Amino acid sequence: MSDTDPTYRRYSDGDNEPYDWNSDVINQGESYLCPTYIQRTPPCQNACPSGHDIRGWLSIVRGLDKPQADKPWQQYAFERMTQANPFPSIMGRVCPAPCQGGCNRNSLDGFVGINSIEQYIGDWARENNLAFDKPEAESGKRVAIIGGGPAGLAAALFLRRLGHNSTIFEAHDALGGQMVFGIPGYRIPRDVLEDEIQRILDLGGIEVQLNTRVGDNVKVETLEHDYDAIFWSVGTVIGKLLRVEGGEAPNCIDGMTFLRSFNDGSLKYLDGRILVIGGGDTAMDVAAVAKRIGEVAELDHPERPEAVFDGSGSQPEDRAALRTDSDCWLVYRRPIEKAPCTKHELEACITEGVEIHDSLAPLEVILDEQGRASALKVQPVDWSSGKMEPNGEPFEIECALIVAATGQTGDYDGIDGIANEWNQIDADRTMQVKGKQGHFVAGDAIDPHLLTTAIGQASVAVQGIDKYLSGVSLDDRPKVEGHHFDLLQELDEKSLSPDEYNHGSTWGTSSAKWSVHNFENRAEADVINTNALYTGHFDYEKVNAREEIDINVSNVLGSMIERFNGLTQDSAVSEAKRCMSCGFCFECDNCVIYCPQDAVTRVKKDERVMGRYVETDYAKCVGCHICKEVCPTGYIEMGLGQY
Ligand code: SF4
Ligand code: SF4
């Protein structure tokens with residue numbers, strides 16, 4: 001398909017019968033209902049585990065919501081974005097973007113490229129050395145953060161914004177968690193990672209203790225005594241081995257160990273066919289790394305990967321020059337379409353030469369006379385009945401290394417009373433550890449998921465910690481979590497806050513200045529879906545995609561560059577303009593133009609902010625509902641007079 005062919009068609013082939021439009025034509029009628037303006041949560045935000053105000057920062061990028069004074073719009077967008085997530089450059093690169101899956105524009109011509117715009121803003125912020133604002137006041141409280149991965153670092157920032165200090169206890173020799181030990185550098189460039197971490201530390205009030213494992217070097221009881229609250233962000237650092245006979249052979253390892261050895265530079269090449277077991281993003285990372293590092297033939301033990309993993313050997317740098325293409329198979333027990341990995345990671349692996357062998361269940365690791373794995377015995381299976389059933393004879397696949405990327409678990413050695421029987425931490429909706437007052441938790445420690453999930457949970461946990469430190473009871477959470485646009489804050493930023501209410505009697509409230517008239521914020525309760533929009537307003541718009549770098553089977557060996565280039569400023573702005581602003585006014589003027597009574601007008605220019613662009617003269621409105629029908633964003637509800 002050419003890139004100018006629309007993917008959205010209003011009609012299907014065969015839709016050629018005349019239709020009686022009369023019943024659908026909007027006739028001017030009358031009712032007692034007048035328009036009121038309702039803010040709802042767009043599905044992109046609802047699907048984003050960090051709860052980003054995506055619609056809000058897209059409206060900044062497209063030039064609708066303008067910054068004050070001479071602040072660059074990129075900085076204004078960065079400030080809005082990082083309210084929810086302090087890693088825009090990283091998220092823009094590696095987040096599988098569930099927000100895009102939720103985007104209402106999927107019903108038209110495809111989702112808005114949210115994370116490519118996020119990357120553009122994050123990269124602009126790095127190039128322009130943007131910093132976070134320091135807190136206005138200090139609380140004098142201190143929080144112990146156990147684990148310096150994405151959740152721990154995000155919590156340190158969110159706590160700092162509230163004036164709380166923290167100490168991060170990190171068991172390893174670097175901050176970053178999965179971002180540094182798990183995800184390879186060609187997906188998260190290390191200079192990007194270092195800059196985004198350093199920006200948090202530059203806030204001050206965040207002490208870091210590396211190589212300090214709670215449970216070994218520090219006791220939990222000591223932290224309980226020395227700190228006002230404890231935040232657990234320990235992640236899952238132990239990969240699971242293949243649970244079949246022979247799965248503990250020295251050349252059968254887990255995906256975490258493999259990636260950690262690659263990321264710390266000790267694993268430089270393989271020594272024959274590698275079988276990667278699993279279908280998640282860790283499996284894709286292992287397979288893609290295997291294609292990049294290649295193999296060197298006939299290694300002796302000290303140079304073999306397993307010697308690197310257990311520290312009994314090493315791989316000299318100069319031998320890497322002998323590398324040739326590696327033979328990498330991805331073995332998955334379900335059909336590959338069912339794999340939970342990010343689809344474009346799978347596609348990239350296939351392009352780079354990873355062989356996919358799906359619907360194969362591992363049965364046994366076949367050992368040679370030295371006790372090393374020489375093959376994996378697998379059972380072909382069929383899932384068509386919904387259950388896994390044998391489908392043919394088992395067979396053996398020869399291999400030199402087996403990497404199980406089938407799950408990981410937490411390390412609670414020396415730590416009592418926190419983890420459950422599955423080595424996970426149970427939390428309530430406020431992210432407080434169940435049965436442990438003053439202990440909060442976020443991230444993979446609860447259940448392994450995305451980086452953005454860990455950060456979203458850290459935000460909720462910090463709100464809980466703040467209440468706990470203030471002696472306020474922890475309320476239940478809203479139905480729709482997120483960093484919602486706040487009209488009152490927007491009015492305040494533009495010096496347009498409503499007047500103080502004088503608590504006196506007022507006759508006729510429409511001109512009183514102590515309230516925001518005919519506006520209701522239902523963001524914490526309602527998500528707006530496509531049916532509530534007037535999608536006929538939107539033309540087909542070509543997606544502004546990032547430029548992909550051609551990394552394929554012929555050039556993948558030794559390639560450590562990123563797989564795509566970021567958007568230019570122009571393409572980021574064009575892409576942001578594809579946003580339909582679901583659930584919030586985007587100043588299209590439809591309601592002003594189509595109102596037959598001239599009842600809807602624009603708010604005076606010097607009183608306008610996002611969300612207060614139009615107003616209705618209720619003396620003129622006859623309740624015809626035409627404005628509601630033509631509002632593309634679903635912002636208008638014929639509610640006034642009803643509620
Ligand atoms: S069109 Fe815009 S506001 Fe609507 S879901 Fe997509 S990104 Fe979000
Ligand atoms: S029709 Fe356009 S201008 Fe009127 S409320 Fe809806 S989005 Fe705003």
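The values are calculated or read from the model by the stated rules, or taken from the named source; none is laboratory data. All figures in this text were calculated on a predicted structure; none of them were measured in a lab. We place every Cβ from the backbone using ideal geometry, glycine too, and count neighbours over all the protein chains shown. Accessible surface areas use protein heavy atoms only, side chains included; no ligands, DNA or RNA. Shrake-Rupley method; radii C 1.70, N 1.55, O 1.52, S 1.80 Å.
Set the Förster radius R0 to 22 Å, insert the Cβ-Cβ distance between SER139 and ASP202 as r into 1/(1 + (r/R0)^6), and round the FRET efficiency to 0.05. Could the numbers behind the result be given before it?
On the way: r = 19 Å, r/R0 = 0.88.
Efficiency at R0 = 22 Å is approximately 0.70.
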query = On a 0 to 90 degree scale, rounded to 10, what angle separates helix 190-201 from the longest Cα axis of the chain?
reply = 60 degrees
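How large, in percent, is the carbon and sulfur part of the accessible surface of the stretch 240-407 at a probe radius of 1.4 Å?
Working: 3500 of 7410 Å².
In the stretch 240-407, the share of accessible area belonging to carbon and sulfur is 47 percent.
Please report the antiparallel percentage of DSSP beta bridges with both residues in the stretch 326-394, rounded to the nearest 5. Each step should come with its number before you reach the end.
On the way: 9 of 13 bridges.
Here the share of antiparallel DSSP bridges comes out near 70 percent.
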task = Give the long-range amide H neighbours of ASP382: residues separated by 5 or more places, or on another chain, with amide H under 5 Å away, using H modelled in the peptide plane at 1.01 Å from N.
result = GLU389, ASN391
request  = Specify the angular offset, from 0 to 90 degrees and rounded to the nearest 10, of the alpha carbon long axis of helix 451-470 from the longest principal axis of the alpha carbons in the chain.
outcome  = 70 degrees
task = For the stretch 211-222, just list the computed ³J(HN,Hα) in residue order, Karplus coefficients 6.51, -1.76 and 1.60, θ = phi - 60°, integers in Hz, with x standing in for Gly and Pro.
result = 6, 10, 9, 5, x, 10, 6, 9, 8, 4, 4, 5
key: Per residue, in Å², the accessible surface of the chain once ligands and nucleic acids are set aside, probe 1.4 Å   = 46 Å²
ask   = How much length, in nm to one decimal, is gained on full extension between SER470 and GLU396, taken as 0.36 nm per residue of separation minus their Cα-Cα distance?
value = 20.5 nm
Distant-in-sequence amide H partners of ASP254 (H built 1.01 Å from N, under 5 Å) = ALA404
query = Equivalent-ellipsoid semi-axes (√(5λ), Cα gyration tensor) for the stretch 437-497, whole Å, largest first?
reply = 27, 17, 9
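So for the chain: antiparallel DSSP bridges make up what percent, rounded to the nearest 5?
Values: 28 of 66 bridges.
In the chain, approximately 40 percent of DSSP beta bridges are antiparallel ones.
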request  = Return one number: the angle in degrees, 0 to 90 and rounded to the nearest 10, between the long axis of the Cα atoms of helix 150-161 and the longest principal axis of the Cα atoms of the chain.
outcome  = 40 degrees
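Could you compute the FRET efficiency for ASP550 and ARG334, with r as their C-beta to C-beta distance and R0 at 22 Å, rounded to 0.05?
Numbers: r = 30 Å, r/R0 = 1.37.
Here the calculated transfer efficiency is 0.15.
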